[in-house]
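Report on the structure given below.
None of the figures in this text is laboratory data; all of them are computed from the coordinates on show. The model shown is predicted, which means the values in this text are computed figures rather than measured ones. Glycine also receives a Cβ, built like all others from the backbone with ideal geometry; neighbour counts cover every protein chain displayed.
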Amino acid sequence: MGMIDRLFGVLFGSGNMIRDTAEVFRENAEAAAVREAGLRDAALAQFEREFAHRGASTFDRVIDGLNRLPRPAMAFGTLGLLGSAMTSPEWFAARMQGLALVPEPLWWLLGAVVSFYFGARHQAKGQDFQREIVSALAVGPRSKAAPEDAHSAADGPEDNAALAEWRALHQRRA
């Protein structure tokens, strides 16, 4: 009985030879899931840092909401005009006659105001986005290495013998 217990202990116990041999040919699914969860958590934390509204007051959020209205209003207004042209051509024709009476310089002014509004908004949002990216890059990644990868995370470039040899070879050539 003792020999069978020892044999099963070697095969299936703490020193599981079957598991250790199988992991040479197939990745350990549980360890892979732990690594994947850690990677996903680190990515979500980075996105949270990049896209979080830091210090935005209620007034700022209300104004941001109001600034988002003109484009959808113009799109829905255009679709509404198209629908009204099909359902009530007389009403639509009367409105278009009114628009035809608007002097050309006023159209140019309207075009300039709309262009500057959307251009300034696009530039401001683009600069805010670039500022957030720069600040996120300045913080750098703060992910915790998985326990099995801890030894590779501790090795810096100065501890890499192959890199040191490559640098020495290229310094001799220069």
Quiz item: Taking the inverse of the average 1/r across all pairs of different Cα atoms in region 1-136, what Kirkwood radius in Å do you get?
Solution: 22.6 Å
Self-check item: Approximate spin-label separation Phe92-Gln123, in nm, with each point projected 7 Å along Cα-to-Cβ
Solution: 3.8 nm
Quiz item: Looking at region 46-96, which trypsin sites (Lys or Arg not before Pro) are in a loop (DSSP not H, G, I, E or B) and have at most 11 other Cβ atoms within 10 Å?
Solution: Arg54, Arg68
